[in-house]
Structures are given as C-alpha cells and as structure tokens.
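Take a look at the structure set out below.
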Amino acid sequence: MAVLDVDDISIRFGGLQALGNVSVKAQELEIVGLIGPNGAGKTTLFNCITGFYRPNDGRVRFLGVDVTEIPIHQRAAMGMGRTFQQVGLVKGATVLENLITAQHTKVEYSAGAGILGAGNTWAEEKVLRQRAMEILDLVGLAHLAHRRVAGLPYGTMKNVEMAAVLATDPEILMLDEPTSGMGPEESHTFGDVLLRLRKELGLTVLMIEHHVPLVVAVCDYVYCLNFGQLLTEGKPEDVRTHPEVVTAYLGEEAEEVA
C-alpha cells in the first residue's frame with residue numbers, strides 16, 4: 001500500500017489551469033522528488049495534498065484513507081507533515097520553543113492549566129522538551145536549542161523548520177525547497193541527514209527541490225511537472241537525462257550533473 005496516492009488531481013484558479021490530471025505516489029520509506037521550473041505547479045500540488053487547496057477533480061489518499069475532503073488539521077493529526085517555501089516558524093521564539101510548540105497536539109492539559117503552570121503540566125512539558133532535544137540532536141542542531149530563530153541564517157531556519165515538523169512524528173515528511181538558501185556543501189550535508197532520518201525514523205519523504213545533484217543522490221523516484229502537467233516520471237537518472245527535462249528545466253545544472 002502506498003503511503004501517499006495522489007490520483008488525477010486538477011485545480012483551476014479562474015481561467016488558469018494550475019494542475020491538470022497530475023498523479024503522484026510515494027511508497028513506504030521512499031524519498032520521492034518533485035522537480036520542474038518555477039510556476040510548474042509543485043507547491044500547488046503540495047497545497048492540494050495537505051488541504052490548503054481543494055482540487056476541482058481527483059482524489060488524495062493517505063495511508064489508504066481518502067482525505068480529499070478532510071480539513072488540514074485532521075490530515076496533520078494523521079501524520080502528514082510539511083514545510084513551506086517561506087519558513088513557518090515563530091521567529092521571536094527559540095529553536096527549542098518552536099519544537100515544543102510543534103508538539104501541541106500531544107498535550108493533554110488545558111490551555112488554562114498551561115498558562116497557570118498547574119502541577120500536572122510539568123511532567124508533560126518535560127517529555128515534550130526531551131523529545132524536542134532528541135530531534136535537534138538527530139539533525140545536528142542541538143547546539144542552537146536556545147538561540148532565537150530570528151537571528152539564524154535562512155538555510156539554518158529551513159533545517160529548524162524541518163526539525164519542528166519531525167517533532168510531530170509524521171508518517172510522511174513533505175519538504176518544499178528544503179535546501180533554499182544553502183550552499184553546495186550544506187546541501188550535500190542535508191542529503192546525508194535526510195537519508196539518516198529515513199533509516200532511523202522510518203520516514204517516507206516527498207520533496208520539492210531545484211538542486212538536481214541532491215535529487216539524484218537521495219531520491220528513489222522523481223516526477224517532473226511542466227505548466228501544471230506531468231512531463232515525465234521515473235528513476236532519477238532517467239529523468240535527469242530526459243531530453244525535454246534537460247533542455248527546458250535543468251540547463252547548465254544538468255550539464256554539471258552529467
């Protein structure tokens with residue numbers, strides 16, 4: 001059974017056909033890449049999958065359940081976790097506080113008890129803090145636990161955002177341009193981290209990414225979108241050498257990979 005099965009998704013905004021009959025699958029423990037030029041519809045597809053947009057046609061199935069009509073928060077509670085192009089963090093809070101906040105659905109005490117610091121909240125807070133530190137250690141960010149997010153480089157913020165999503169214990173991790181703002185070395189290190197996370201946490205990953213060497217290095221399967229349509233799909237090496245993909249979307253970067 002596929003962890004994620006997106007079947008013939010189409011969505012229109014007025015007269016603009018943003019996606020047309022796009023189908024994507026992610027099997028258990030796969031890292032699946034989604035590539036294509038700006039405006040191809042990649043983030044729109046993410047928004048349809050996670051419930052921010054409701055498609056005009058098609059279905060989204062997650063863990064065998066049709067979630068097409070299910071609200072965003074229920075999909076998240078089922079284990080659908082994602083990052084955003086623009087970092088979705090509380091920038092005035094510390095890295096650790098962001099990861100603790102991300103676990104709010106696990107908290108059993110009331111908001112009033114939390115505000116008042118009632119005795120029964122302390123034990124739960126300790127567990128949330130411990131889990132947050134374990135995640136930060138796993139992704140190599142433990143030394144930044146008490147730093148405010150606002151003072152961090154953009155590439156580091158992207159990693160913190162991924163860590164915050166991991167703190168929710170997702171079944172699938174959906175990353176929207178995770179290496180944006182990173183240099184080549186940082187991107188290579190991120191690829192190593194992603195492979196380790198899959199192994200240690202048993203994650204399935206769907207990733208929008210423009211850095212082709214990273215896609216080739218870590219992805220098991222790749223889909224390429226063009227103007228809201230699926231241009232091609234297959235193993236990374238096959239997609240990388242597809243003539244239309246090379247000439248229209250990868251350009252000089254494709255020559256570097258070759």
- What is the residue count in segment 45-101 for residues that are assigned to a strand (DSSP E or B) and touching a residue at least 60 places away in the same chain (Cβ under 8 Å)? 4
- Note on the structure: Of the residues in segment 45-85, those that are more than 14 Å from the chain's Cα centre (by Cα) and of a type in the set (Ser, Thr, Tyr) number 2
- Note on the structure: Of the residues in segment 188-220, those that are in contact with a helix residue (DSSP H, G or I) (Cβ under 7 Å, 6 or more places away or on another chain) and small (Gly, Ala, Ser) number 2
- Message: Going residue by residue through segment 237-247, is there one that turns out to be surrounded by 20 or more Cβ atoms within 10 Å (Cβ to Cβ), aliphatic (A, V, I, L, M), over 30 Å from Val139 (Cα atoms) and modelled with pLDDT under 95?
- Response: yes
- Item | Residue that is touching a residue at least 24 places away in the same chain (Cβ under 8 Å), farther than 27 Å from Leu19 by Cβ, among the aromatic types (Phe, Trp, Tyr) and in the same structural domain as Gly20 (by TED's automatic domain parsing), where the choices are Phe190, Phe227 | Phe190
- Select from segment 212-224 the residues that are touching a residue at least 40 places away in the same chain (Cβ under 8 Å) and more than 24 Å from Asn21 (Cβ to Cβ) and list them in ascending order. Val212, Pro213, Val216, Val218
- Among Gly79, Gly51, Gly39, Gly64, which is the only one that is in contact with a Lys or Arg (Cβ under 6 Å, 6 or more places away or on another chain) and at positive phi? Gly51
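Per-residue answers, yes or no, for (1) over 22 Å from Arg198 (Cα atoms); (2) at pLDDT 95 or above; (3) in the same structural domain as Leu19 (by TED's automatic domain parsing); (4) out of contact with any strand residue (DSSP E or B) (no Cβ under 6 Å at 6 or more places or on another chain):
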site: Ile49; (1), (2), (3), (4): no, yes, yes, no
site: Gly58; (1), (2), (3), (4): yes, yes, yes, no
site: Arg61; (1), (2), (3), (4): no, yes, yes, no
site: Val67; (1), (2), (3), (4): yes, yes, yes, no
site: Glu108; (1), (2), (3), (4): yes, no, no, yes
site: Ala118; (1), (2), (3), (4): yes, no, no, yes
site: Thr121; (1), (2), (3), (4): yes, no, no, yes
site: Arg131; (1), (2), (3), (4): no, no, no, yes
site: Leu136; (1), (2), (3), (4): no, yes, no, yes
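Determine whether segment 8-31 contains at least one residue that is part of a loop (DSSP other than H, G, I, E, B), crowded, with 21+ Cβ neighbours inside 10 Å and either free of Cβ contacts under 8 Å to residues at least 60 places away in the same chain or out of contact with any Ser or Thr (no Cβ under 6 Å at 6 or more places or on another chain) (or both).
Here is the first cut: in segment 8-31, the residues part of a loop (DSSP other than H, G, I, E, B) are 14-15, 27-30.
Those still in the list that are crowded, with 21+ Cβ neighbours inside 10 Å too: none.
The answer is no; no qualifying residue exists.
Would you mind stating whether Ala217 is modelled with pLDDT of 90 or more, out of contact with any strand residue (DSSP E or B) (no Cβ under 7 Å at 6 or more places or on another chain) and not assigned by TED's automatic domain parsing to the domain that holds Val3? Please lay out each step first, then the result.
Values: modelled with pLDDT of 90 or more: yes; out of contact with any strand residue (DSSP E or B) (no Cβ under 7 Å at 6 or more places or on another chain): yes; not assigned by TED's automatic domain parsing to the domain that holds Val3: no.
In short, no.
From the set of residues in segment 159-214 that are among the hydroxyl-bearing types (Ser, Thr, Tyr) and outside any helix (DSSP H, G or I), which is modelled with the highest pLDDT?
Going through segment 159-214, the residues among the hydroxyl-bearing types (Ser, Thr, Tyr) turn out to be 168, 179-180, 187, 189, 204.
Now narrow it down to the ones that are outside any helix (DSSP H, G or I): 168, 179-180, 204.
Working: Thr168: 92, Thr179: 91, Ser180: 87, Thr204: 97.
The extreme case among them is Thr204.
The values are calculated or read from the model by the stated rules, or taken from the named source; none is laboratory data. Treat the numbers as computed from the prediction; the structure is a model and nothing was measured. Cβ atoms come from the backbone with ideal geometry, glycine included; neighbour counts cover every protein chain shown.
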